[in-house]
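Read through the structure below, which is laid out as structure tokens, and then see the notes.
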Amino acid sequence: MSILLGVLVGGIAFGSVYAMLAIGFSLLWQMSRTINFAQGDFVTVVGFVFVAFAVTLGWPLALAAAAAVVVAAILLGIVVRKTIIARLLRHGVLPLVVASIALSILIQNFFVAFVTAQAEPAPSLFPTGVIHVDGVSIGVDQIGNFVVATLMIVALQIFLHRTRTGKALRATAQNGAAARVVGIDPARMITIAFVINAVLVAVAAILLSPIFAVQYNQGTGLGLDAFYAAIIGGFNRIRGALVGGVLVGLLESVGAAYVSSAYDTGIVVAVLMIVLLVRPEGLLGARELVREYHE
Amino acid sequence: MSLLSAERAPSAAGSPAEPVLRSEGLHMRFGGVVALDGVDIDVPEGGILGLIGPNGSGKSTWVNCASGILRPTSGRITFHGRDVTGWAPHRMYRLGLGRTFQRLENFPDMSLLDNMLLSVQESQGSLASRLFRHTEHAERDRALSLLEFMGIAALKSERAGSLSYGQQKLADLAMALMANPKVVILDEPMAGVNPALIEQLVDRITELNANGTTFLIIEHNLDVVMELCGRLVVLDHGTKIAEGPPDEIQANEDVLEAYFGR
Amino acid sequence: MRDAHGAGSDHGQLGDAVPDRAPAAPLAGSALDALPASRSPRARAARPAGGWWKATLGLAVFWLLAASPAFLNVGSYWLYLATLTLVYVLAAAGLNVILGYAGQISLAQGAFMGIGGYTVAILVAQHGWPMLAALAAGGFVGFGLGLLVGIPALRMNTHYLAMMTLGVEVVYLAVVTNQGGLTGGARGMSVPVGLRIGPLHLTSGFAYELFVAVVVTLVLGGLVFILRSPWGRAFKGIRENETRAAMLGVNIRAYKLMAFAIGCSVAAIGGGMITPLLGFVDPDTFGLGLSFQLLLMVVVGGRGRFEGAILGALLVTLLPQFLQATQNVYLLVFAALTILLLMYMPRGMVALLDWLWLKILRRPVPELTK
């Protein structure tokens, strides 16, 4: 029993971080119909930046983390948005998807060619240690991950529901044309969405790097997980991505523990395909009213 | 095999016309917005029905429901008495419903002729037979005739997206006619069109109607509506507020109120 | 009836090329009905001229190159590379049907190549099937699995196919790695090099290359046949304006399904020809990266254009041979170029070819950046 609880705890801890990635993903999709295949590789970028600040430059962890988030917001948020995305938005979804795939390949090969192919260990924000509750061992870092991720998601929800900009963002996601009519600038909204995504990715990277070590090819698996999470939970709703993320974390954890570590993603994919067959809009996604005849 | 269906006799003046297309209690809801609130409309066969009303009254929504692009929340749509509620657009097309769009919707990178051919290729044969039907003489002939009828035959090899606005309007109508539909829905055909071309379009529609094609026209240009339509239906805020011959509607208090306020 | 002369301004509206028109006879029940489906000169004139020149020229160049080892001394490595390129051309052309014509994103083209590769391996190495039959079987398996994946995936919009195909990739890798009994697992299967046609056992690289060239020509010819038929027009209609196409009776799901299944089948045939070239097949032969590479080929070359897929495959396969850089730097540069291309020359490299062709013919040239 305690093993199961331990597995569940682990799953939720991971899941909450995946949820951040999935939420960012969903936001980008809702705002600009971008399927960001480079989401996982964005995590790698921030991981390397964080390691550069915290290890190579030896900055205090809090500073290194904050700096990494800022760099991410600028580089992965603003720069990407204003260069690549700006040009591609008018050409439709297909070029955006292919461009994000190319970006993924670019990032991975950049790190191999010009930085290192090795896995770089990253420091953890949390002290090592284990807490024992009712016979279940919970790592301090697991609690830390869960808490930080939850705080970020709550902060995002507050932003989206209590601030003017947040409401403008939601309005644009629901009905871009109507939002434009009331004076909301959709281009600016897309930029904000990219920045939010960058921040979510950055925090996820800082939380995950100590666990996985930073390596050029990490991004593929993580990106896929985020993708699956968004699909399973529901692409077009933030709460869908949230639920999807936690679910994927749980499924992987349970799968690895009870089936075999080779098939842990396999279980996720199996669930994915079932969801696609039975409820393609995702568990919490919204069915679109018009027949899906256009992009 | 002829592309044209059996010749239809235009309905004799004064005889009761059967509704070829009808909606009963059509209700359409988008989240919190009720776009159509129980609308009953009869489109009489062989006539030209005008669907008018202020912006946002639900005209386009009704048309989208009738043509299969939207699935109504509740209510019924029938075609020649047959329940076609919720039928997909391509099935409505095969039944004999054609339509044009408010915002020009054609296939911009294909030639005008290809646009025309695409408009008819699905009306006959099967998926498999179409694979082998490379020479399409009858269809090409018909396309060219229709294009000549509209006066744009010389543009047949041009990219459809490069045509001028007026030319695209004519092309739109030609495309809607390719499969010889029984009913054609025109969604604001005169929007943004210059007066000389309006005359042209009115002529063509009248000619086609005289040969048996039923029309339903959404239009804001009330002159055109008065001239063309034998009967009008007025929508406001998703409900039908009036219906009848144009001169009656013109004098109708509720209609004036809907358009111009109290 | 008013005639076409209105107040005088309608000519400008309709275009100067349009002649005055007296009202035509009504269409219904008109003389049109009486016209036999004939080879009327009007109908013939309506068909676009040309296109045959380019195709014939292309075919001639293709076969000249394919047959060149007969009179040029080409090393075995180049023969191997040429054969590989031919296979990629085929797979890219298949993906082009899915992506460029029907407008769907498939991320499993590599997996379908793998399905063909493993099918041929199993049938030839373990059951002694002749190569052609095994290839045909591979094609059928690819088609069938394409239908299986496509039917549920195409119920919703475009991107669900992308997601499903991603799932297919992962499932493919999991199956070939773990189903050792069928596929040889992580170690893979070995296959006799070269091919057996009837009593002949051809092991020379040149013979195999010619065989591949023949198959590629035939399959591409089949694709041309399909794309020039009303199916091709329907694909393009779906790509350009799906709603309108649906309104005009195009059964969107059926056509998308066909495009997808055809593309997958072609990939399987291509993959099937790689196995005897390499002499073995294992999970890494057709990995996840391959699907992405094929996608890049189609997009960089120019989607929706036949020449585009060919050009893209040539570029991606042959360019690294001429760039003396490591694999990683090459991929980095290629990915960056792809992004730039998408941003500034969205029609792909084929736009450059068009530009050249039109310059040669001294015709007006459209902007490259559109």
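The values are calculated or read from the model by the stated rules, or taken from the named source; none is laboratory data. This one's a predicted model, so the numbers in the text were calculated from it and none came from an experiment. Neighbour counts run over all protein chains shown; Cβ positions are idealised from the backbone, glycine included.
Is there a residue in region B:73-86 that is crowded, with 23+ Cβ neighbours inside 10 Å and either more than 8 Å from every other protein chain (Cβ to nearest Cβ) or part of a loop (DSSP other than H, G, I, E, B) (or both)? Yes, that holds for at least one residue.
It is to be established whether one or more residues within region C:228-249 are more than 10 Å from chain B (Cβ to nearest Cβ), aliphatic (A, V, I, L, M) and under 19 Å from residue C:96 (Cβ atoms). Within region C:228-249, not a single residue is more than 10 Å from chain B (Cβ to nearest Cβ), aliphatic (A, V, I, L, M) and under 19 Å from residue C:96 (Cβ atoms). Taking the conditions exactly as written (out of contact with any His (no Cβ under 6 Å at 6 or more places or on another chain), within 29 Å of residue A:232 (Cβ to Cβ) and more than 14 Å from every other protein chain (Cβ to nearest Cβ)), does residue A:73 satisfy them or not? Here the answer is yes, as residue A:73 does meet what is asked.
Residue B:203: of a type in the set (Asp, Glu) and buried (at least 21 other Cβ atoms within 10 Å of the Cβ), yes or no?
no
For region C:189-215, which positions are modelled with pLDDT of 75 or more and over 20 Å from residue C:285 (Cα atoms)? C:204, C:206, C:207, C:210, C:211, C:213, C:214, C:215 - these are the residues of region C:189-215 that are modelled with pLDDT of 75 or more and over 20 Å from residue C:285 (Cα atoms).
Taking interchain pairs and intrachain pairs at least six residues apart, which have beta carbon atoms under 6 angstrom, with the first residue in region A:75-100 and within 24 Å of residue C:293 (Cβ to Cβ) and the second of a type in the set (Phe, Trp, Tyr)? Pairs found: A:100/A:37.
Only one of these is at the interface with chain C (Cβ under 9 Å from one of its Cβ atoms), more than 18 Å from the chain's Cα centre (by Cα) and either surrounded by fewer than 21 Cβ atoms within 10 Å (Cβ to Cβ) or in a helix (DSSP H, G or I) (or both): B:170, B:144. Name it. After applying the criteria, what remains is B:144.
On the stretch given as region B:96-110, residues that are surrounded by fewer than 18 Cβ atoms within 10 Å (Cβ to Cβ) and more than 7 Å from chain C (Cβ to nearest Cβ) total 2. Tell me, please, whether a residue that is surrounded by fewer than 21 Cβ atoms within 10 Å (Cβ to Cβ), touching a residue at least 24 places away in the same chain (Cβ under 8 Å) and more than 23 Å from residue B:183 (Cα to Cα) can be found in region B:113-135. No: region B:113-135 contains no residue that is surrounded by fewer than 21 Cβ atoms within 10 Å (Cβ to Cβ), touching a residue at least 24 places away in the same chain (Cβ under 8 Å) and more than 23 Å from residue B:183 (Cα to Cα).
Look at residue A:253 and say whether it is more than 23 Å from residue C:152 (Cβ to Cβ), among the hydroxyl-bearing types (Ser, Thr, Tyr) and either within 20 Å of the chain's Cα centre (by Cα) or modelled with pLDDT of 90 or more (or both). It is true that residue A:253 is more than 23 Å from residue C:152 (Cβ to Cβ), among the hydroxyl-bearing types (Ser, Thr, Tyr) and either within 20 Å of the chain's Cα centre (by Cα) or modelled with pLDDT of 90 or more (or both).
One line per residue, one yes/no per condition, for (1) at positive phi; (2) under 18 Å from the mean Cα position of the chain (by Cα); (3) surrounded by 24 or more Cβ atoms within 10 Å (Cβ to Cβ):
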{"site": "C:75", "(1), (2), (3)": "no, no, no"}
{"site": "C:91", "(1), (2), (3)": "no, yes, yes"}
{"site": "C:95", "(1), (2), (3)": "no, yes, yes"}
{"site": "C:111", "(1), (2), (3)": "no, yes, yes"}
{"site": "C:127", "(1), (2), (3)": "no, no, no"}
{"site": "C:149", "(1), (2), (3)": "no, no, yes"}
{"site": "C:171", "(1), (2), (3)": "no, no, no"}
{"site": "C:174", "(1), (2), (3)": "no, no, no"}
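When region A:194-225 is filtered for residues that are among the small types (Gly, Ala, Ser), more than 10 Å from the chain's Cα centre (by Cα) and within 14 Å of chain C (Cβ to nearest Cβ), the ones remaining, listed by number, are A:219, A:221.
In region A:156-170 there is at least one residue matching the filter, namely being more than 9 Å from chain C (Cβ to nearest Cβ), surrounded by 20 or more Cβ atoms within 10 Å (Cβ to Cβ) and closer than 26 Å to residue A:214 by Cβ.
Only residues that are in a strand (DSSP E or B) and over 28 Å from residue A:219 (Cβ atoms) were counted across region C:273-289, and they come to 1. Restricting attention to region C:98-144, the residues being small (Gly, Ala, Ser) and away from every other protein chain (no Cβ under 14 Å) number 14. Listed by first and then second residue, the pairs with beta-carbon distance under 6 Å, at least 6 apart or on different chains, first residue in region C:255-278 and at negative phi, second aromatic (Phe, Trp, Tyr) and in a helix (DSSP H, G or I), are C:259/C:235; C:261/C:143; C:264/C:112; C:265/C:143; C:267/C:112; C:268/C:112. Restricting the first member to region C:130-151 and to residues that are without any contact (Cβ under 8 Å) to a residue 60 or more places away in the chain, and the second to residues that are of a type outside the set (Ser, Thr, Tyr) and crowded, with 18+ Cβ neighbours inside 10 Å, the beta-carbon pairs closer than 7 Å and six or more apart or on different chains are C:137/C:123.
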